[in-house]
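Please read the structure below before turning to the comments.
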Amino acid sequence: MGKVHARVEGRLREFVDAQQVFFVATAPLAGDGHLNLSPRGIPGTFGMVDEATFAWLDGTGSGSETIAHLRENGRITVMFCAFEGAPNIVRFHGRGRVVTVYDEEYAGLAARFADLPGARAVVVVDIERISDSCGWTVPLMEYAGERDLLAPYFERKGIDGSADYRRRKNRTSIDGLPAFDFDPLDEWSTLAGLGRIRERLASQIDGWTAPYSWALAHDGEISHVNAPGAQHGLPAVILATVLKHDGATATLEVSRQQLDEAITTLAPASACTEVGHPNLAAWRELRDAHDERGGTITAVFVRDAADPETSATDATLRSRW
C-alpha cells in the first residue's frame, strides 16, 4: 500500500539514486491550458541535492513546457517507476524553480552533474510531499543503454548554435506562456550580428544556396516579394530552417505552426534599426489574414530563374520581378 515519507533517505534514496529515467508533470493555471508530461533521463544529470530537494540538469529540447509552467506557478510532480527488481512507484510533489545558464547560481548547481552539451538550466524541486506505492502494474523491462543523440547534436551546434535553436523553439510554451526566453539578443541588434546569425543557420542546412527570389503567400496572394538582387539574407534562411528546405526551386505548404515558429525566430531582428524588416511585417499580416479567414499558406523558392515554374504562385512571383 502507499506510504507518505518525511524525507528521502535509506531505501527510498537508494531507489531514486538507482533510476535511469524519471517523469515530470506540470500544468498552466488556465483551465483550457495544456498539461505537460515529460520523460527525463541521462544518468549523471539528475539526483537528490538533500533529503527534501531534487534537481536535474535540463538540456535544450524541442519544447519548453516544464520551464514555462514553473515560471508561471511552480507546481510540479516528479515520478520514478521500478522497471526491474521489486515493484515500486515514487512521487515527489513540490515546487520547482529554474536556474538558467545565465544565473550566478547555475555553475555551482551544474557542477553536481555530468557535462551535457546544450544544457540550458538546472531545475530545482523543493519537495513538499514524498510518497511511494506498489507499482504492481508497471511492466518489467531491461535497461539496454542510452540513445547517444542529444549530446552530440548540441555539441555540433556549439554554444551560439544551441542558443539560436532555443530562440526558435523554446521562447514560449504551446499556450503562449513565456518559457526559455533568457538567451541574450545583443547580436540581433546590428547588421554584422544578423550576418553572423544568418551564416550559422545556413551552415546547418545541407545543400543550402540562397534563392534568386522567394516569397510567402496566402491563397496565392503575395504581400512582399523578395526580388532578384535584393538582400534576402536572414529571413530566407530562417524560413528554410523551419521548413527543412535547402532553398531549391519549389512551392511548399506552410502550416500555421511553422509560420508562428518563423515569426518567433525572426522577431528579435527588429532590434536592428539600421534596416527595415518587411518580411517580418508581411509574415505577421499573413498570419492575421489566415486567422481571420483560413486558407492555405505557401512558400515559393526560386533558386535559378531558368528553373521551371512549380505552381501558379511561383508564376505570380516571377511576374512581379
Looking only at helices (runs of 4 or more DSSP H) that fall completely inside region 238-321, which ones have 3 or more residues that are closer than 17 Å to G220 by Cβ and modelled with pLDDT of 95 or more?
278-293, 312-319
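Okay, residues lined up against (1) out of contact with any strand residue (DSSP E or B) (no Cβ under 6 Å at 6 or more places or on another chain); (2) more than 30 Å from G2 (Cβ to Cβ):
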| position | (1), (2) |
| --- | --- |
| F83 | yes, no |
| V90 | no, no |
| T100 | no, yes |
| E104 | yes, yes |
| A121 | no, yes |
| V124 | no, no |
| R129 | no, no |
Can you confirm whether S223 is open to solvent by 50 Å² or more (accessible area, probe 1.4 Å), in contact (Cβ under 8 Å) with a residue 12 or more places away in the chain and within 19 Å of A262 (Cβ to Cβ)?
yes
Can you pull out the residues in region 168-217 that are closer than 30 Å to T310 by Cα, assigned to a loop (DSSP other than H, G, I, E, B) and open to solvent by 60 Å² or more (accessible area, probe 1.4 Å)?
Q204, D206, T209, A210, Y212
Check region 291-299 and report whether any residue there is open to solvent by 70 Å² or more (accessible area, probe 1.4 Å) and under 26 Å from the mean Cα position of the chain (by Cα).
yes
Taking the residues in region 111-166 that are open to solvent by less than 20 Å² (accessible area, probe 1.4 Å) and in a helix (DSSP H, G or I) as candidates, determine which candidate is farthest from I197 (Cα to Cα).
F154
Residue count, region 64-100, condition open to solvent by 30 Å² or more (accessible area, probe 1.4 Å) and at negative phi, comes to 14
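The values are calculated or read from the model by the stated rules, or taken from the named source; none is laboratory data. Only a predicted model underlies this, so the values are computations on that prediction, with no experimental measurement involved. Cβ coordinates were reconstructed from backbone atoms using ideal geometry, including for glycine residues, and neighbour counts include every protein chain displayed. Quick note on the areas: whole protein, heavy atoms, side chains included, nothing else; ligands and nucleic acids left out. Shrake-Rupley method; radii C 1.70, N 1.55, O 1.52, S 1.80 Å.
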